[in-house]
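Step one of this worksheet: look at the structure below.
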Amino acid sequence: MRQPPLRAAALFGAAAVACSVVLVATTSPAEAVSPDIVVSQVYGGGGNTGATYTRDYIELYNRGTTVVSLAGWSVQYASATGSTWLPTALAGSLAPGTHYLISENGGTGGTTPLPTPDAAGTTNLSATAGKVALVTSTTALTCGAVCHAAPGVRDYVGYGTAGDYEGPAAAPAGSNTNAVLRAAAGGIDTDSNAADFTAGAPVPRNTTSSGGVRIRDIQGAQHLSPLNGQTVTAVPGIVTATSKTGFWMQDPNPDANPATSEGIVVYTTTVPTVTVGTSVTVSGTVSEYRPGGTSGTANLTTTELAAPTITVVSTGNPLPPATLVGSGGRVPPATVIDNLSTGDAETRTSFDAVRNGIDFWESMEGMRVEVDNAAVVGPTTTAGELPVVPAGSGTRTARGGIVAQAGDFNPERLILDNALVAVPTASVGDTLAGATVGVLDYSFGAFKLQVTATPTVTGGGLARETTRTPTGSELGVATFNVENLAPTDPATKFSRLATAIVQNLAAPDLLTLEEVQDNSGATNDGVVAADVTLTTLVNAITAAGGPTYQWREIDPVNNADGGQPGGNIRVVYLYRTDRGLAFVDRPGGTATAAEVVSNVGGKPQLSLSPGRVDPTNSAWSSSRKPLAAEFTFHGRTLFVVANHFNSKGGDDPLFGHRQPPVASSETQRHSQATVVCGFVDSILAIDPTASVVVLGDLNDFDFSQTANILVGPGTLTDLPRTLPLADRYTYDYQGNSEVLDHILLSTALLTSGGATGYDYDVVHVNSEFADQVSDHEPQVARLLIP
């Protein structure tokens, strides 16, 4: 929930209504939206054969915030085209959020008597078509057949084939079994009879009846409240959780429609004085709050009651039961987040809480939700968030995560948040024992369960992986995003990275690094050299028992390659020469000098090694430039291209209101992939049997168009695609196990002597663990080069 500027919130005791001052409302014409009293129902089938009720009735509702005197007012009826108006006088007053029942003529039919009316008349209403006016006098109208804007007319309803009405068309016709019903129990008034009314089963209510606007009427079966911007009164609920700026409440008497949430946030701006278990009624303005401000425009809104007036009814009440999500309860959709929207989930009229994940979670917004034995599918983040799924969800990884794949970004995922109580530290493969309960919230692109009690973690025993050491005939080629590595990082980060490289990655012969920062880290001081960063890492590797690595890289133009301002991240080659690998140095590489492939005696040769691939191309604007280099191993030349493509920053969230989500960043990655693909083609055009390795953090999925462009018509093989689905991931984002890092091989490296020419392993040491040293997994390909 947001943290706005503090502002005092009104809070009233249980006697607030009894002590209210009765106000006499001034006259406003029906063509202006009524601020308080409206006609909420018209039923003309009373006493007819087959009717529900024995008498006709008209019902009023006070949608305002003050008690209104009805003394001297009347309701008046005329036939659909008639000009004679028949008044029924009213008396007494009407409190906010309550109804007023006027009985009219009856007959011998019908099965049910009306509740005790608050006023009575003898007018015979038509069941199917007519006109009803709420008038601030008892004198019969003399305006003829068209009276919706006449002086003294407070509200006006034309229904069926009526010749006069508010707005562009009449309300629908009633019948012997259907009344003409104003939406939201009377709470809506847009001065359009056609829009504000529907035909439905009659529900007559008097001043002693409950049944004003309920939370479900505010939430509706949609993303934006049908009452957005309107004032609602005396909305009942039980307080289920409190925060620093408000509280959640839930209706203890739900209806049978799972698509309409029974919970809502009440935004008080300061710490509320109500406590959990308090029964309250709340009057306030329905508001749709979009978290994140201008930077969060892609987020869904959260429906809330703002500027509330709170009346305490009682305390110490049991909480409404939590809705179970998962087996035995409401089961989330397995694959689809949104297949109904064609641009915006918040403006579409269709809503499917069974088959659409975004609607499924929306239908429980603000409610108490329970997940039993929740499976942890992402580690607890530094922000205190923990992704989980109900047991039995999705395609699970071999280590307990849940795999993102084309057409399935796992709508089952739910993020536990710590706004109310602490979220436990957990890693992938752990389980939260028993019931995890909280109130369903939304922020920053995801539905979140604000847990009301800290769950208990049952450890899954997940261990960090260790890959095998290459044989003498194998060349170990690896890639590793080291997440903004800088000399300003603690020594423990360097030592942990060194341990991962030496022990878990088995000290590969060649290792490309991404996100290596300059010597001053994120300090924006013009420094671009990274020799201190790399010396510190290489020394840490040696101290961890590893070989002596050398490095090659090209310093970027200051602040030209994206990433943290001042950090000047770049890609780097680390390599060891004690097992036969040699770097082919060709000097002259600079930040802006372009690599050129030449034909030398029928063999491709790079003009620079290392050298940047087309660095001035607009594809690399504010992004890392690829670094190409030549190596030799056992007499074979290898061409290697290290990459760190444009990030996904700025893309819409999966659960945002723009649906399908707009992935604006992928356009640049497609251009980058095209440039790299062209560079590889220039090598293979000279020698189709050339050994080429393209690797690094491509910031895109194995099933993405970015990967498709690089693969081309079989030019390269993307090794993540060769893995079983349950092993296909290098990153964990909000609980989705997904591929962002890749190693791609040319055809010459796929086989060796009739056997498979490579052995590929994503080494899981980071993304699944709460105590990660980087957010990416390293990966290694052992290339068979006898």
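Evaluating N539 against the criteria (1) part of a loop (DSSP other than H, G, I, E, B); (2) open to solvent by 30 Å² or more (accessible area, probe 1.4 Å) leaves one unmet condition, (1). Evaluate the following for T269: is it touching a Pro at 6+ places or on another chain (Cβ under 6 Å) and modelled with pLDDT under 90? So T269 fails the test. For region 620-637, taking the residues that are in a strand (DSSP E or B) and aromatic (F, W, Y), the one that is farthest from Q517 (Cα to Cα) is identified as F633. For region 352-374, the condition holds for at least one residue, the condition being that it is acidic (D, E), surrounded by fewer than 24 Cβ atoms within 10 Å (Cβ to Cβ), within 25 Å of G459 (Cβ to Cβ) and modelled with pLDDT of 95 or more. Of T349, T335, T309, all but one fail to be among the hydroxyl-bearing types (S, T, Y), open to solvent by 10 Å² or more (accessible area, probe 1.4 Å), outside any helix (DSSP H, G or I) and under 24 Å from T245 (Cα atoms); the exception is T309. The residue pairs whose first member lies in region 541-560 and is under 21 Å from E515 (Cα atoms), whose second member is of a type in the set (A, V, I, L, M, F, W, C) and surrounded by fewer than 17 Cβ atoms within 10 Å (Cβ to Cβ), and whose beta carbons are closer than 9 Å, counting only pairs six or more residues apart or on different chains, are I554/A593; D555/A529.
Among the residues of region 554-562, not a single one is modelled with pLDDT of 95 or more and closer than 30 Å to T751 by Cα. Among the residues of region 769-786, those that are touching a strand residue (DSSP E or B) at 6+ places or on another chain (Cβ under 6 Å) and part of a loop (DSSP other than H, G, I, E, B) comprise S774, D775, E777, P778, I785. Among the conditions (1) part of a strand (DSSP E or B); (2) surrounded by fewer than 21 Cβ atoms within 10 Å (Cβ to Cβ), A748 misses just one, which is (1).
Within region 125-181, work out how many residues are part of a loop (DSSP other than H, G, I, E, B) and of a type outside the set (S, T, Y). Number satisfying all stated conditions: 29.
Among residues of region 599-647 being β-branched (V, I, T) and open to solvent by 10 Å² or more (accessible area, probe 1.4 Å), the one that is nearest to E666 (Cα to Cα) is T616.
Inside region 587-612, residues that are among the hydrophobic types (A, V, I, L, M, F, W, C) and assigned to a strand (DSSP E or B) make up a count of 4. F444 falls short on exactly one of the conditions (1) over 24 Å from T303 (Cα atoms); (2) among the hydrophobic types (A, V, I, L, M, F, W, C); (3) at pLDDT below 95, and that condition is (1). So, in region 72-104, exactly how many residues are modelled with pLDDT of 95 or more, part of a strand (DSSP E or B), farther than 15 Å from P202 by Cβ and not hydroxyl-bearing (S, T, Y)? Result for region 72-104: 6. Could you look through region 665-699, keep only residues that are in contact with a helix residue (DSSP H, G or I) (Cβ under 6 Å, 6 or more places away or on another chain) and farther than 16 Å from S621 by Cα, and pick out the one that is most open to solvent (accessible area, probe 1.4 Å)? Only one residue fits best here, namely T689.
Among the residues of this structure, E304 does not count as one that is assigned to a strand (DSSP E or B), open to solvent by 30 Å² or more (accessible area, probe 1.4 Å) and of a type in the set (D, E, K, R).
Identification of strands (runs of 3 or more DSSP E) wholly contained in region 661-737 with 1 or more residues that are closer than 30 Å to S341 by Cβ and either touching a residue at least 24 places away in the same chain (Cβ under 8 Å) or not aromatic (F, W, Y) (or both) yields 731-733.
Name every residue in region 284-297 that is part of a loop (DSSP other than H, G, I, E, B) and either basic (K, R) or open to solvent by less than 10 Å² (accessible area, probe 1.4 Å) (or both), in order of residue number. Selection gives R290, P291. Filtered by the rule that a residue be in contact with a Ser or Thr (Cβ under 9 Å, 6 or more places away or on another chain) and touching a residue at least 60 places away in the same chain (Cβ under 8 Å), region 599-624 gives K603, P604, S623.
Would you tally the residues in region 312-332 being closer than 20 Å to A256 by Cβ, open to solvent by 50 Å² or more (accessible area, probe 1.4 Å) and of a type in the set (V, I, T)? Total satisfying the criteria: 1.
Could we say that T533 is touching a Pro at 6+ places or on another chain (Cβ under 7 Å), outside any loop (DSSP other than H, G, I, E, B) and open to solvent by less than 10 Å² (accessible area, probe 1.4 Å) here? So T533 fits the description; yes. Taking region 589-598 as the range and being open to solvent by 40 Å² or more (accessible area, probe 1.4 Å) and not hydrophobic (A, V, I, L, M, F, W, C) as the test, the residues that pass are T590, T592, S598.
Regarding D732, is this residue closer than 25 Å to R413 by Cα, touching a helix residue (DSSP H, G or I) at 6+ places or on another chain (Cβ under 9 Å) and open to solvent by less than 30 Å² (accessible area, probe 1.4 Å)? Judged against the criteria, D732 is not a match. No other residue among G459, G476, G401, G472 is out of contact with any Ser or Thr (no Cβ under 7 Å at 6 or more places or on another chain), surrounded by 19 or more Cβ atoms within 10 Å (Cβ to Cβ) and on the phi < 0 side of the Ramachandran plot apart from G476.
Of the residues contained in region 384-397, one or more are found to be among the small types (G, A, S) and open to solvent by less than 20 Å² (accessible area, probe 1.4 Å).
Determine whether region 496-503 contains at least one residue that is in contact (Cβ under 8 Å) with a residue 40 or more places away in the chain and in a strand (DSSP E or B). Checked region 496-503: no residue is in contact (Cβ under 8 Å) with a residue 40 or more places away in the chain and in a strand (DSSP E or B).
Looking for something under 30 Å from N373 (Cβ atoms) and without any contact (Cβ under 8 Å) to a residue 24 or more places away in the chain - is there at least one such residue anywhere in region 310-319? No - not one qualifying residue is present in region 310-319. In the set (1) at pLDDT 95 or above; (2) touching a Ser or Thr at 6+ places or on another chain (Cβ under 9 Å); (3) not in a loop (DSSP other than H, G, I, E, B), the condition left unmet by Y61 is number (1). Considering region 326-350, the residues that are hydroxyl-bearing (S, T, Y) and modelled with pLDDT of 95 or more include one that is nearest to the chain's Cα centre (by Cα), namely T335.
The values are calculated or read from the model by the stated rules, or taken from the named source; none is laboratory data. Remember, it's a predicted structure, so these values are computed and weren't measured experimentally. Don't worry about glycine lacking a Cβ; one is built from the backbone with ideal geometry, like all the others, and counts go over all protein chains shown. Only protein heavy atoms, including side chains, enter the accessible area calculation; ligands, DNA and RNA are left aside. Shrake-Rupley method; radii C 1.70, N 1.55, O 1.52, S 1.80 Å.
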